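Trainee: Got a structure for you, written out below as structure tokens; questions coming shortly.
The values are calculated or read from the model by the stated rules, or taken from the named source; none is laboratory data. These numbers come from a predicted model, not from an experiment. Glycine also receives a Cβ, built like all others from the backbone with ideal geometry; neighbour counts cover every protein chain displayed. Note: areas computed on protein heavy atoms with side chains; ligands, DNA, RNA excluded. Shrake-Rupley method; radii C 1.70, N 1.55, O 1.52, S 1.80 Å.
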Amino acid sequence: MNPGAFEAVDERLVSTLDDLLAQQSLAPGIVVNALFHRLVTEVLSVPESAADSVLAALPPSRSPAVFRSVASAGEHALERVWADRIARAADPAEAFSRFPYRENYRLLVEMELQAVRRQGTDPRHVLLLGSGPLPLTALCLAEQGIAVHCVDHDPEAIRLSAAAFGRLGAAGVTFEHAEAAAATPPHPVDVVLLAGLVGSDDAAKADVLGKVVTHLAPGGLVLARSARGLRTLLYPRVGPAALAGLTVVAEANPEVDAPGTDVINSAILARPV
């Protein structure tokens, strides 16, 4: 891709962001869905090796933080609508089968589990921090017989997710309304999974992880969802400061570990020192 192509990507990204900012609501619908699809497509079109050129060309008023704020709001709105739809559906399984990003989550969790198992950990209990209104991660893990304790600071997210999962008959998934740092899982866990939007910066993430590692079973791992390259327009990158007191043992990179897919997040694996 030549410099002219980089400029075109930058212009299309900014145009798409402006169109999203102009929407009265980011709840899912024909226009909003199409705009987020366009945004993700542009992000995934640029390899990590070329991302710096695009990021450097963004105007200050359209910084990565602005992109992430819109992406976060859109993701939350999408999950709220679908969790409520599943909970109210006459056939909740059929309703859930139409969720547009179900396969993306399956591929993400598969990539993460492979990375965890390469470290010699076969997880049976996972603590999911920042589970959101529709925790697809928990469902993907539960389908493999892994017990998941979901924690979110938003009581509405917990209410919606518990209702949807109750209708789906998801076994082995529990819910807790709490700040991430105050989570109290019912068992020691093999993996603490920190969702990408938990913690406003690396210092906040470090504070959370410093408290919750006490719930790890011997040999347990922290898995912090991060982002690389242009994917940092959708999720924040986890820096070294977020992992203070931990030793990084591996990183799963979707360009390498899930090539040809629409997986956005990378995953950093670490152990307590």
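Trainee: Pop out the carbon and sulfur fraction of the accessible area of the stretch 228-273 as a percent, whole number, probe 1.4 Å. Spell out each step's value before the answer.
Mentor: Values: 1030 of 1910 Å².
Summing carbon and sulfur atoms, their accessible area is 54 percent of the total for the stretch 228-273.
Trainee: Still on this structure, please answer the following. At q = 0.28 Å⁻¹, what log₁₀ I(q)/I(0) does the stretch 205-273 have when each alpha carbon counts as one equal point scatterer in the Debye sum?
Mentor: Scattering profile of the stretch 205-273, log10 relative to I(0): -1.23.
Trainee: Mind listing the long-range amide H neighbours of Ser226? Cut-off is under 5 Å, sequence gap 5 or more, other chains count too, H placed in the peptide plane at 1.01 Å from N.
Mentor: Ser266, Ala267, Ile268
Trainee: Output the Cα-based Rg and Dmax of the stretch 1-71 in Å, rounding Rg to one decimal and Dmax to a whole number.
Mentor: When restricted to Cα atoms, the stretch 1-71 yields Rg and Dmax of 12.2, 36 Å.
Trainee: Kindly sort Lys205, Lys211 by accessible area of their heavy atoms, largest first, with the probe set to 1.4 Å. Walk me through the intermediate numbers first.
Mentor: On the way: Lys205 5, Lys211 95 Å².
The residues order as Lys211, Lys205, largest area first.
Trainee: Work out how far the C-alpha atoms of the chain reach from end to end along every principal axis, then list the three figures in whole Å, largest first.
Mentor: Cα spread of the chain along its principal axes, largest to smallest: 53, 48, 30 Å.
Trainee: Excluding Arg62 itself, what net charge comes from residues whose Cβ is under 10 Å from its Cβ, given Lys and Arg +1 and Asp and Glu -1? Don't jump to the answer; show the numbers that get you there.
Mentor: Working: positive: none; negative: Asp10, Asp18.
Computed value for this residue: -2.
Trainee: Ok, one more. Alpha carbon centre of the stretch 161-193 versus the stretch 88-107: separation in Å?
Mentor: The two parts, judged by their Cα centres, are 19 Å apart.
Trainee: Would you mind computing the Rg to Rh ratio of the stretch 1-152 from its alpha-carbon coordinates, Kirkwood style for Rh?
Mentor: Working: Rg = 18.1 Å, Rh = 17.7 Å.
Radius of gyration over Kirkwood radius for the stretch 1-152 works out to 1.02.
Trainee: Still on this structure: Out of Leu55, Ser25, Ala8, whose Cα points farthest toward the positive end of the dipole of the stretch 1-71 (charges: +1 Lys, Arg; -1 Asp, Glu; placed on Cβ)?
Mentor: Projecting each Cα onto the dipole axis, the largest value belongs to Ser25.
Trainee: Continuing with this model, one more query. Mean projection of the alpha-carbon convex hull of the stretch 57-97 over all orientations, in nm²?
Mentor: Result: a mean projected hull area of 3.6 nm².
Trainee: Would the stretch 125-226 count as rounded, prolate or oblate if I go by the C-alpha gyration tensor, calling it rounded below 1.5 in a/c and otherwise prolate when a/b exceeds b/c, oblate otherwise?
Mentor: Values: a/c = 1.86, a/b = 1.29, b/c = 1.44.
Cα axes put the stretch 125-226 in the oblate bin.
Trainee: Separate question: What does the accessible area per residue of the chain come to in Å², with a 1.4 Å probe and no ligands, DNA or RNA counted? Mind showing how you got there, number by number?
Mentor: Working: 12050 Å² over 273 residues.
That works out to 44 Å² for each residue.
Trainee: Report the antiparallel proportion of the DSSP beta bridges in the chain as a percent, rounded to a multiple of 5.
Mentor: 35 percent
Trainee: In addition: Who wins for biggest fluctuation among Gly196, Gly132, Gly229 in a Gaussian network model of the chain, springs between alpha carbons below 10 Å?
Mentor: Result for the chain, Cα springs under 10 Å: Gly229 fluctuates most.
Trainee: A follow-up question, please. Round to a whole angstrom and tell me the spacing of the C-alpha centers of the stretch 133-152 and the stretch 21-59.
Mentor: 27 Å
Trainee: Percent relative contact order of the chain, based on C-alpha pairs within less than 8 angstrom and at least six residues apart? Walk me through the numbers before you get to the answer.
Mentor: Numbers: 455 pairs, mean separation 50.8, N = 273.
The value is 19 percent.
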